[in-house]
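Just below is one structure, and these are the notes that go with it.
The values are calculated or read from the model by the stated rules, or taken from the named source; none is laboratory data. Fair warning: this is a prediction, and the values are worked out from it, not measured in the lab. Positions of Cβ are generated from backbone atoms using ideal geometry, with glycine treated the same way; all protein chains shown enter the neighbour counts. Only protein heavy atoms, including side chains, enter the accessible area calculation; ligands, DNA and RNA are left aside. Shrake-Rupley method; radii C 1.70, N 1.55, O 1.52, S 1.80 Å.
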Amino acid sequence: MTARAQLILANRAFLDHEAPRWADSPSSASSGGLLAAVRPVIAPWDGRSGTTWIGVGMGRYDREWVDERGFEILDTPRGPLRHRRLFFGSAIWQGHYGEVANSFTWPLFHLVRVDLPRATPYYPAPVLPTESGWHSFVVVNRAFAEAACEEGGAPSCWVHDYQLALVPGMLRARGFGGPIGFFLHIPFPSLAVAAPYLEGGSRERLRAIVEGMLGADLVGLQTTDDVARFVEAAGELCDARPTAGGLSVGGRLVRVGAYPVGIDPEEVLAAAKRAKPVTRVGMARELGLPVVVGLERGDFTKGIPERLRAIAEAYRRGVRFAYVGIASPTREGVEAYGALEVAIEREAARAREAAYWVGCPFTQVRASIGWDDVVSLQRDADVVFTSSLADGMNLVPLQAAVAQSLRPAGERAVVLAGVDAGVAKVYGGDGSRGLRAVDPLDQESLVAALVEGLAGQPARISDAFIAEVHAHDARSWGERFLADLEESC
Ligand code: F6P
């Protein structure tokens, strides 16, 4: 039987209600890799069984839509979804989300190979949360664990991502009856690389996070490298011992494995077929210029300033192309993001000037664009330029491969991806199938990869790469994780 999720716990709700009930305008589903990945294993709610999703109430009008316990039945394209929202006050939210999740854990967990705060002028050093910030994190995680325990019938519970890392341990402590799964969507750090930031209490906070994750029966990570780093940290911080299939923790087996996340290719293909070309691409074509596209959340892990610097340098060398860069606003109000904006603006100004001297259109904007425009740009680009300093997976190269499958093989793009992004580890970045791994911190090699990419070198997106993206889609990822979870107890 195909595995379906019973209980999903994720910081983000399935969707946020941003319009009042009376307005009768549909709320759109939250975006982000987590949601796209999990969606295919949601089972419609038939009144007694199906998937229940528990997330935080972040939408302006959420309270209007739910009952006194936060429940509602959401109408989704895949059928009804039983959904519960947990609500928190602003101080608790700031401590949980602002301090622990995004100023400590997020920057810390991306330290996989390079000490990024030292290597760039804008990547923030992970900040040890205050006592009250940590307390808020515990409060939010506890609320999720309690909400899960209120679900009867011992369902299996799938907990997602670093914001809820304490939940598996809390579920176990409360005697939760069903199998407990945890998946980390972001990388797991190297203790050696993160060492400078693990002093003065931070090590203990990381230990608590790892201990929380070890409460699960199955811990999934994106790549085998993440698994190796997690196993090492669990041994060093929590005395967990490697054993067949995972880790032995206090005599209990915790299965640990790599489950590289996928996309929903049908969703991308449908958009690629209907989306109109964006105006800027049309203008570039009229000038006879190839188009380089950079699309992502405006996050300090994405290597955006490094990419802009390489672009400026290519223009200075007389290379001619149009650049369309769009960074969507993210985690606004989280202090750690401030320096990034400055760095992007500085590098964008330099690249814009260099582009001007060779008569090429250059755009770098901070904006949220619709899904169809995202896929349209991915479909029509000649180089899809991602440059993450580190990334759990990075779905943009996978989406681009599928979107470009509508083009003849000889006209497809070359995709560049950061060498420390999961996508480069999982799909191989030697360039022979159209995906080339680049080191965003090695300026010269970044420029060379861009110039070669514009010439279709080392190779354009191949049918083999596209087929692999289809084979490892979100559905198979979710089903594999859930099947292993059922077996893990
Ligand atoms: O890839 C999407 C992601 O990085 C998830 O791993 C994570 O849970 C989510 O974004 C968090 O984003 P936000 O802070 O916008 O909720």
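Miscellaneous remarks
- Of the trypsin sites (Lys or Arg not before Pro) found in the range 284-388, those in coil by DSSP whose Cβ has at most 11 other Cβ atoms within 10 Å are 317.
- If you take the Cα centroid of the range 155-185 and the Cα centroid of the range 338-411, the two points sit 36 Å apart.
- Computed 3J(HN,Hα) for the range 31-42, one whole-Hz value per residue from the Karplus formula 6.51 cos²θ - 1.76 cosθ + 1.60 where θ = phi - 60°, is 9, x, x, 4, 5, 4, 6, 7, 3, x, 9, 7, glycine and proline marked x.
- Charged-residue dipole, Cβ positions (Lys, Arg, Asp, Glu), the range 265-471 about Cα centre, Debye nearest 20: 560 debye
- Global geometry of the range 1-115, whether rounded, prolate or oblate, following the gyration tensor of its Cα atoms and the 1.5 cut on a/c: oblate
- Placing a pseudo-label 7 Å from each Cα along the Cα-to-Cβ vector at residue 273 and residue 487 gives an inter-label distance of 3.5 nm.
- Dipole of the chain [Lys/Arg +1, Asp/Glu -1 at C-beta], most positive-end residue of 235, 289, 137: 289
- Separation of alpha-carbon centers, the range 80-96 and the range 452-489, rounded to whole Å: 32 Å
- Cβ-based net charge around residue 58, under 10 Å, with every Lys or Arg adding one and every Asp or Glu removing one: 0
- Radius ratio Rg over Rh of the chain, counting only Cα atoms, Kirkwood formula for Rh: 0.96
- Helical segments meeting 24 Å axial Cα length and Kyte-Doolittle -1.0 threshold in the chain (DSSP H): 131-149, 338-357
- Global form of the range 265-471, assessed from the alpha-carbon gyration tensor, a/c cut-off 1.5: rounded
- Percent carbon-and-sulfur accessible area, the range 265-471, ignoring ligands, DNA and RNA, probe 1.4 Å: 52 percent
- Dipole magnitude of the chain about its Cα centre (Cβ charges: Lys, Arg +1; Asp, Glu -1), debye to nearest 20: 540 debye
- Extension gain, residue 464 back to residue 286 (0.36 nm per residue minus Cα-Cα distance, nm): 60.9 nm
- The order of the peptides 242-255, 47-60, 176-189 by mean Cβ neighbours within 10 Å, most packed first, is 176-189, 47-60, 242-255.
- Ranked packing of 137-144, 165-172, most packed first, by mean Cβ within 10 Å: 165-172, 137-144
- In the chain, the DSSP-assigned H stretches of four residues or longer account for a calculated mean residue ellipticity at 222 nm of -11000 deg cm²/dmol, using -39500 (n - 2.57) per stretch and the full residue count as denominator.
- In a reduced charge model with +1 at each Lys and Arg Cβ and -1 at each Asp and Glu Cβ, the range 43-112 shows a dipole moment near 120 debye about its Cα centre.
- Net charge in the neighbourhood of residue 196 (other residues with Cβ under 11 Å of its Cβ; Lys, Arg +1, Asp, Glu -1) is -1.
- Computed packing ranks the peptides 71-80, 263-272, 355-364 as 263-272, 355-364, 71-80, most packed first, by mean other Cβ atoms within 10 Å.
- In straight-distance terms, cross-link reach from residue 425 covers every one of the aspartates and glutamates whose alpha-carbon lies under 16 Å from its own, apart from those fewer than eight places away in the same chain; here that gives 225, 226, 391, 439, 468.
- The range 180-333: C-alpha gyration tensor shape, a/c 1.5 cut-off, then a/b vs b/c: prolate
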